[in-house]
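**Q** Following this message is one structure expressed as structure tokens.
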Amino acid sequence: MDVEDIQLFTPFDFLGSTGVTSFADYYRYLIFYWQILNICHHLRGYGGDDKQRVKDSKIASNLFNRLVGQFGMDDNMNIVRTGTFSLMDGVSVVQSFNKSVLKDFPIQPVEYYWDHQSVLERLQTCGANGHQGER
């Protein structure tokens, strides 16, 4: 995440949220990005003398700052305004959710199917790509 224009594609359930693929898009994206926001919130406070921890903290801070406004929160995760996501949103917001609102965020959810076709099609639009292991 410290390299410009890089995007990481990961499954909706990568962070342990099983069964989210059957949810409406709004809730799948809310849960996915909420988990990332919370992880970054905790990691951004790390520091010390360890160079890797300082680097991780810097990346987490960057991601947190880019994502926190989508939830209408301040730096301390207090709700201060309306954001893209809210736990109080009604059916009309859920039905009108535009999942491209976070298309520029460096971590993107994908649905994995065992044939990986959707992932490969999306990666083919990139100028370069890399693969890390098998599922």
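What follows draws every value from the coordinates through simple rules; no lab data is involved. Because the structure is predicted, anything quoted here is derived from the model rather than measured. All Cβ positions, glycine included, derive from the backbone under ideal geometry; neighbour counts span all protein chains shown.
**Q** List 33, 46 from most exposed to least, where exposure is judged by having the fewest other Cβ atoms within 10 Å.
**A** Result, fewest neighbours first: 46, 33.
**Q** Non-local amide H neighbours of residue 108 (under 5 Å, H modeled in plane, Pro and chain starts lacking H): which ones?
**A** Residues meeting the criterion, in which the H sits 1.01 Å from N, are 8, 9, 10.
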